[in-house]
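Here, each number is a calculation from the coordinates, and none is a lab measurement. This is a predicted model, so every value here is computed, not measured. Ideal geometry is used to build each Cβ from the backbone, glycine not excepted, and the neighbour counts take in all protein chains shown.
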Amino acid sequence: MKVVYLSDEKIPYEAAHAHFKKAADWAKEQCASFIGYNVQDVSDVSYTYDNVAQYTFRDPKDAMWFELKWRT
């Protein structure tokens, strides 16, 4: 199992959840081993980010494909 994290860095607060969902929708269509995603509010413990999304894949190749597309 492979986990990929995306942050809301360089994304306006109001657009972050839509961005995370768009990435998840893309993963559902493009990556057969995509399991799901979860968004966590980290604003209490981070000076940099408000939210971080965790995407889980069964196949590391799909995770790499996802990272290449969505990591900034």
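One compactness figure for the chain is 1.07, namely its Cα radius of gyration divided by 2.2 N^0.38 Å.
When the helix-only estimate is applied to the chain (DSSP H runs of n ≥ 4, each -39,500 (n - 2.57), divided by the residue count), what is the mean residue ellipticity at 222 nm, nearest 500 deg cm²/dmol?
Values: 2 runs with 26 residues, N = 72.
Result for the chain, helices only: -11500 deg cm²/dmol.
Axis angle, to the nearest 10 degrees, between helix 60-70 and the longest C-alpha principal axis of the chain: 40 degrees. Among I35, I11, sorting on how many other beta-carbon atoms sit within 10 Å of each Cβ, with the fewest leading, yields I35, I11.
Once the Cβ-Cβ distance between I35 and K69 is put in as r, and R0 is 25 Å, what FRET efficiency do you end up with, to the nearest 0.05?
On the way: r = 17 Å, r/R0 = 0.69.
The computed FRET efficiency comes out at 0.90.
Ordering Y55, Y13 from the fewest to the most neighbouring beta carbons within 10 Å gives Y13, Y55. Across segment 14-29, rounded Karplus estimates of 3J(HN,Hα) from the backbone phi angles (6.51 cos²θ - 1.76 cosθ + 1.60, θ = phi - 60°) give 5, 9, 4, 5, 5, 5, 4, 5, 4, 5, 5, 4, 4, 4, 4, 7 Hz, Gly and Pro being marked x.
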